[in-house]
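**Student:** Dumping the structure here so I can ask a few things about it.
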Amino acid sequence: MQTPGKFIVIEGLEGAGKSSAVTILSDTIQSAGHTVVNTREPGGTAMAEAIRDVVKHDWKDEKVTVEAELLLMYAARAQLVQNVILPNLQQGNWVLGDRHDMSSQAYQGGGRQIEQSMIESLRNITLKNFRADFTLYLDVEPKEGLKRAKGRGELDRIELEDLGFFERTRERYLLLAQQDPNCVVIDTMQSMQGVHDDVASAIKQFLEC
Ligand code: Z5A
């Protein structure tokens, strides 16, 4: 879908360093003269933020089914794309998304092992042919990412999954990144300065295209 604004997405496991990468991307895109609108998924509208609370919550004796989790992610995404992302892109603003559809492909498809065809059907219903213009996937080894996330405080329902879940999620992320010509992989198993330099250089290259 062609719009005057561009949709840039940052993806990765927890602890990959998305928060600081978002700041660098935002500063660089604004310096190039564009207005930046930040979003996060799940979330970003009043209703989608309520869904975020539901999906991250631990429901104790009530098992959250993989199907319910998947549907909630897409419900939140439908709200965000139609109410925030598309209107901004159409006005010429750039939207910087902390996670988007690749998260569902990786976490629900890879981590939860939901069939690809089921996720693709939902994506087609929800997003039609809407896709990110450019994605930066921040790659981190799951053990290291979880160590960083734990250092920051209490873990939520999804973060409490076992290591195998995050290993499958990372494996799917790497596969998706390899298949997507509009995605670059940033290695975050290096110093923070190294990550910041790689993020800045990737977005500058995109801006020059
Ligand atoms: N989810 C899903 O399953 N399906 C979907 O479709 C979508 C989402 C959209 C959202 O949670 C959860 O929903 C997420 C995926 C799932 N769950 N899990 N698990 P969230 O938005 O609350 O969490 P997050 O997106 O994973 O954010 P995060 O944990 O804050 O990750 P981060 O933003 O990448 O981490 P950070 O705050 O930038 O960095 C964490 C710490 O590591 C921080 O103290 C940094 O200083 C440190 N750090 C970062 N980089 C480095 C390097 N290079 N070296 C050393 N230390 C570093």
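The values are calculated or read from the model by the stated rules, or taken from the named source; none is laboratory data. None of the values given here were measured: they were computed from a predicted structure. Cβ placement follows ideal geometry from the backbone for every residue including glycine, while neighbour counts extend to all protein chains displayed.
**Student:** For the range 157-173, which positions are exposed (fewer than 15 other Cβ atoms within 10 Å of the Cβ) and either in contact (Cβ under 8 Å) with a residue 40 or more places away in the chain or not charged (D, E, K, R) (or both)?
**Tutor:** Within the range 157-173, the subset exposed (fewer than 15 other Cβ atoms within 10 Å of the Cβ) is 157, 160, 162-164, 171.
Answer for the range 157-173, where residues must be exposed (fewer than 15 other Cβ atoms within 10 Å of the Cβ) and either in contact (Cβ under 8 Å) with a residue 40 or more places away in the chain or not charged (D, E, K, R) (or both): 157, 160, 163, 164, 171.
**Student:** Output the residues belonging to the range 120-141 that are under 20 Å from residue 206 (Cβ atoms) and small (Gly, Ala, Ser).
**Tutor:** So in the range 120-141, the residues under 20 Å from residue 206 (Cβ atoms) come out as 130-139.
132, the sole residue that qualifies.
**Student:** Could you list, ordered by first residue, the pairs with Cβ atoms under 6 Å in which the first is in the range 143-155 and on the phi > 0 side of the Ramachandran plot and among the aliphatic types (A, V, I, L, M) and the second is more than 9 Å from the ligand (Cβ to nearest atom) and part of a loop (DSSP other than H, G, I, E, B), at least 6 apart or interchain?
**Tutor:** none
**Student:** A follow-up question, please. If the requirement is being loosely packed, with under 14 Cβ neighbours inside 10 Å and touching a strand residue (DSSP E or B) at 6+ places or on another chain (Cβ under 9 Å), which of these qualifies: 129, 182, 124? Before you say what the answer is, go through the steps one by one.
**Tutor:** On the way: 129 fails: touching a strand residue (DSSP E or B) at 6+ places or on another chain (Cβ under 9 Å); 124 fails: touching a strand residue (DSSP E or B) at 6+ places or on another chain (Cβ under 9 Å).
From the options 129, 182, 124, the qualifying one is 182.
**Student:** What are the residue pairs meeting all of these: first residue in the range 12-34, first residue within 11 Å of residue 94 (Cα to Cα) and in contact (Cβ under 8 Å) with a residue 40 or more places away in the chain, second residue among the aromatic types (Phe, Trp, Tyr) and more than 7 Å from the ligand (Cβ to nearest atom), Cβ atoms under 8 Å, and 6 or more apart or on different chains?
**Tutor:** Short answer, once both residue conditions are applied: 29/94; 34/94.
Let's see how each residue does on (1) more than 10 Å from the ligand (Cβ to nearest atom); (2) modelled with pLDDT of 95 or more; (3) within 15 Å of the chain's Cα centre (by Cα); (4) hydrophobic (A, V, I, L, M, F, W, C):
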site: 103; (1), (2), (3), (4): no, yes, yes, no
site: 114; (1), (2), (3), (4): yes, yes, no, yes
site: 155; (1), (2), (3), (4): no, no, no, yes
site: 162; (1), (2), (3), (4): yes, no, no, no
site: 200; (1), (2), (3), (4): yes, yes, no, yes
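**Student:** Name the pairs whose Cβ atoms lie under 7 Å apart, with the first residue in the range 48-59 and in a loop (DSSP other than H, G, I, E, B), the second near the ligand (Cβ under 10 Å from one of its atoms), and 6 or more positions between them or separate chains?
**Tutor:** As it stands, the answer is 57/157; 58/157, since those pairs meet every condition given.
**Student:** Does residue 188 qualify as being under 22 Å from residue 108 (Cβ atoms), surrounded by 18 or more Cβ atoms within 10 Å (Cβ to Cβ), out of contact with any Cys (no Cβ under 8 Å at 6 or more places or on another chain) and not basic (Lys, Arg)? If you could, list the steps in order and put the result at the bottom.
**Tutor:** Numbers: under 22 Å from residue 108 (Cβ atoms): no; surrounded by 18 or more Cβ atoms within 10 Å (Cβ to Cβ): yes; out of contact with any Cys (no Cβ under 8 Å at 6 or more places or on another chain): yes; not basic (Lys, Arg): yes.
No.
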